[in-house]
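Structure first, then comments.
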There are 2 protein chains.
Amino acid sequence: MQRLLSTVAAVAGLATALPAAAQFQKPEDAVKYRKAAFTVMATHFGRLGAMAQGKVPFDGAAAAVNADIVARMSVLPYAGFVEGTSGSEKGSPKAKVWSERAKFDAAAKTMQDKVAKLAVAAKANNVDTLKAAFGAAAKACEACHDEFRNE
Amino acid sequence: MQRLLSTVAAVAGLATALPAAAQFQKPEDAVKYRKAAFTVMATHFGRLGAMAQGKVPFDGAAAAVNADIVARMSVLPYAGFVEGTSGSEKGSPKAKVWSERAKFDAAAKTMQDKVAKLAVAAKANNVDTLKAAFGAAAKACEACHDEFRNE
């Protein structure tokens, strides 16, 4: 956990130190990157959800690995939210991401905290512990989507 | 490094324990996932390349973080190579991935070893150490692309 948190802090620090746009040559590269990072994160998060919801048998080892990947991925997408990449189609970010950036960043931070806790909870090898932590993380995802993503 | 290697081993073990297809509901989900994982990996690998090639100033802290992300991402895409997802368009995998799967897996393993070494080398805070390890990793990427990917 300590190691995970220090990696998370290092990536977050790096993202803050560099202007986000400076990390991508073109805005479309940033969009492709953030979508890709969310796709990987959502895939592993979905596997935890399937276990939490009893759709697949609980597997403690698989839960731990999947949750660890989710936590590590959770810090990556945000560097990809560079200015001028809002949209109006389903799934794209609202302009509010940039006009209320501090609020958006706080929502991202809440999600990152919840998935870091999920990564710890998933190591308990207990389906009820997983369910509780998964539910809290899912709520943080949804809260941000409801506010900042076009449906 | 030890922690990194144990995560890598855990993910690799998990991938082996489960039939790859069982991890994805539809083949197109597997394709989307593997492309996404490669996109994230390539973005961070590209940043190391820019430093190794002197296109951007060397930054030891950034190199270490980027290389760590590359190494962690390197184990993810392969679960997405499920049967029946070869193609003929540029960038898609040749059927050979499946007809010569052991060779493909060995090429993947070589790349994973080289990027794990790159993650260690990047912590040395020395541009020449980075260059050498980057070159070896890039060669492993290219070898697999030349053999298994449509150009």
Can you confirm whether B:Asp105 is farther than 23 Å from B:Phe24 by Cα, away from chain A (no Cβ under 14 Å) and among the acidic types (Asp, Glu)?
no
Go through B:Ala12, B:Ala30, B:Ala36 for me and flag whichever is closer than 21 Å to B:Val115 by Cα, assigned to a helix (DSSP H, G or I) and at pLDDT 95 or above.
B:Ala36
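Checking the condition of a type in the set (Gly, Ala, Ser), at the interface with chain B (Cβ under 8 Å from one of its Cβ atoms) and in contact (Cβ under 8 Å) with a residue 24 or more places away in the chain, which residue from A:Ala67, A:Ala37, A:Ala63, A:Ala79 passes? Reasoning before the result, please.
Working: A:Ala67 fails: at the interface with chain B (Cβ under 8 Å from one of its Cβ atoms); A:Ala63 fails: at the interface with chain B (Cβ under 8 Å from one of its Cβ atoms); A:Ala79 fails: at the interface with chain B (Cβ under 8 Å from one of its Cβ atoms).
Criteria check complete, one pass: A:Ala37.
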If I filter the stretch A:124-143 for residues that are assigned to a helix (DSSP H, G or I), surrounded by fewer than 17 Cβ atoms within 10 Å (Cβ to Cβ) and of a type in the set (Lys, Arg), do I get at least one hit?
yes
Confirm whether B:Ser74 is more than 17 Å from B:Ala119 (Cα to Cα) and modelled with pLDDT of 95 or more.
no
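Limited to the stretch B:80-114, what total is found for residues that are acidic (Asp, Glu) and part of a helix (DSSP H, G or I)? Let's see the steps before the verdict.
Looking only at the stretch B:80-114, we keep the residues that are acidic (Asp, Glu), and these are B:83, B:89, B:100, B:105, B:113.
Subset that is part of a helix (DSSP H, G or I): B:105, B:113.
Going through the stretch B:80-114 one residue at a time, the tally reaches 2.
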Name the pairs whose Cβ atoms lie under 7 Å apart, with the first residue in the stretch B:89-107 and in contact (Cβ under 8 Å) with a residue 40 or more places away in the chain, the second small (Gly, Ala, Ser) and in a loop (DSSP other than H, G, I, E, B), and 6 or more positions between them or separate chains?
B:Ser92/B:Ser86; B:Pro93/B:Ser86; B:Pro93/B:Gly87; B:Lys94/B:Ser86; B:Val97/B:Ser86
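Taking the condition over 27 Å from B:Glu28 (Cβ atoms), surrounded by fewer than 16 Cβ atoms within 10 Å (Cβ to Cβ) and more than 13 Å from every other protein chain (Cβ to nearest Cβ), does A:Ala121 pass? Walk me through how you get there before you give the answer.
Values: over 27 Å from B:Glu28 (Cβ atoms): yes; surrounded by fewer than 16 Cβ atoms within 10 Å (Cβ to Cβ): no; more than 13 Å from every other protein chain (Cβ to nearest Cβ): yes.
Here the answer is no, as A:Ala121 does not meet what is asked.
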For residues that are within 11 Å of chain A (Cβ to nearest Cβ) and either of a type in the set (Ser, Thr, Tyr) or part of a helix (DSSP H, G or I) (or both), tally how many sit in the stretch B:40-60.
8
Any residue in the stretch B:115-143 that's more than 11 Å from B:Leu48 (Cα to Cα): show its pairings with residues that are outside any helix (DSSP H, G or I) and at pLDDT below 95 at Cβ separation under 7 Å, as long as the two are six or more apart or on different chains.
B:Val120/B:Met1
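Determine which member of the set A:Lys103, A:Lys114, A:Lys109 is out of contact with any strand residue (DSSP E or B) (no Cβ under 9 Å at 6 or more places or on another chain), among the basic types (Lys, Arg) and closer than 24 Å to A:Ala62 by Cβ.
Working: A:Lys103 fails: closer than 24 Å to A:Ala62 by Cβ; A:Lys109 fails: closer than 24 Å to A:Ala62 by Cβ.
Matching residue, one of A:Lys103, A:Lys114, A:Lys109: A:Lys114.
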Scan the stretch B:80-102 and give yes if some residue there is among the hydroxyl-bearing types (Ser, Thr, Tyr), modelled with pLDDT of 95 or more, crowded, with 20+ Cβ neighbours inside 10 Å and out of contact with any Lys or Arg (no Cβ under 9 Å at 6 or more places or on another chain), otherwise no.
no
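The values are calculated or read from the model by the stated rules, or taken from the named source; none is laboratory data. All of these numbers come straight from a predicted model, not from anything done at the bench. With ideal geometry, Cβ positions are generated from the backbone for all residues, glycine too; neighbour counts draw on all protein chains shown.
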